[in-house]
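J.: Before anything else, here's the structure in question.
Each value in this text was obtained by applying a stated rule to the coordinates, not by laboratory testing. On a predicted model such as this, the values are computed, not experimentally measured, just so you know. Please note: Cβ atoms are built from the backbone with ideal geometry, for glycine as well, and neighbour counts cover all protein chains shown.
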Amino acid sequence: MNAERLISISNLDFQYGKDLVLTNINLDIHEGDYIGIVGPNGSGKSTLVKLILGILKPSGGCIELFGKDIKDFNDWERIGYVRQKATSFNPGFPATVEEVVGANLYSGRSTPKPGTKKARERVNEVLSIVNMEKFGKRLIGNLSGGQQQRVFIARALINSPQILFLDEPTVGIDADSQRDFYQLLEIFNQEMRITIVMVSHDIGVITQKVGRIVCMGDGKLLCHPNSSRSEISSMLKKVYGNTMDLLIHDH
């Protein structure tokens, strides 16, 4: 049985001022996918994610989320998002872990009302999923980089999303924390059946971890999730140089 199509992007363009940042992007994301979006700096990876999330508005083309045009889509609790930590977080902000996670709780059909006992239970539940339940009363700024990233992931999980977007999630965290982080993502995808889309600059690691690769360059989609292993490897070497030693999983 074919997996449900969660996101459909057709002929997408994005222009910033006079500069055309993305050109004619076509991409489908299905239930159960574990996709890595790779490409050099300035290739449009983060811009594409922000367009899908409605943070930016396209100059042309169409984005459908769960079968609805993005302009008509309101069920944002179905989508989780972990931003680039370095640009989105003030470590001096005087908030506890529980407050950071709970502040992202939507008052939706399938989520508890913020401030209620059920909401507090949900916060504890997602902190437990990322092994941070003992740190709920700690100030977020007093945690290590790896611990903070786990909190941000719990924040993204609070509404039980069907799809999780992560933008350069391993920047600024140590090797051990990165390893634990990828193990968490594998659990989310394989056991919790969360669709994952991750932007990363770490080509050597991400090609080993994800199920499918999207490669971007100069604002264009150079290879898509259905490209063959050899096509992906060839394109990545063109983009990053022939010296790259890539290991791409067949899934």
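J.: Tell me, what does the Kirkwood hydrodynamic radius of the stretch 184-228 come to in angstroms if you use every pair of distinct C-alpha atoms?
T.: 11.8 Å
J.: Could you bin all the Cα-Cα distances of the stretch 7-80 into 10 Å bins starting at 0 and give me the percent of pairs in each, rounded to whole numbers?
T.: All Cα pairs, binned at 10 Å, distribute as 18, 55, 26, 2 percent.
J.: In terms of the Cα gyration tensor, with a ≥ b ≥ c the square roots of its eigenvalues, is the stretch 48-186 rounded because a/c is under 1.5, prolate because a/b exceeds b/c, or oblate?
T.: oblate
J.: While we're looking at this one, here's another question. If I take every Cα pair under 8 Å that is 6 or more residues apart in the chain, average their sequence separation and divide by the length, what percent do I get for the relative contact order?
T.: 27 percent
J.: Rounded to the nearest 5, what is the percent of antiparallel bridges among the DSSP beta bridges in the chain?
T.: Around 55 percent antiparallel, to the nearest 5.
J.: Calculate, for Gln15 and Asp75, the FRET efficiency according to 1/(1 + (r/R0)^6) with r their C-beta to C-beta distance and R0 41 Å; round to the nearest 0.05.
T.: Working from the Cβ atoms, E equals 0.90.
J.: What translational diffusion coefficient, in µm²/s and rounded to a whole number, does the Stokes-Einstein relation yield for the chain at 4 °C and a viscosity of 1.567 mPa s, taking the hydrodynamic radius as the Kirkwood radius over Cα pairs?
T.: 69 µm²/s
J.: If only Cα atoms are counted, what is the Rg of the stretch 125-176, and what is its Dmax, in Å?
T.: 11.2, 31
J.: Cα centroids of the stretch 27-57 and the stretch 138-183: how far apart, whole angstrom?
T.: 19 Å
J.: A further question on this structure: Can you tell me which of Phe93, Phe135, Phe66 moves the most in a GNM of the chain? Springs connect C-alpha atoms under 10 Å apart.
T.: Phe93
J.: Determine the calculated [θ] at 222 nm for the chain from helices alone, applying -39500 (n - 2.57) to every DSSP H run no shorter than 4 residues and normalising by the residue count; nearest 500 deg cm²/dmol.
T.: About -9000 deg cm²/dmol.
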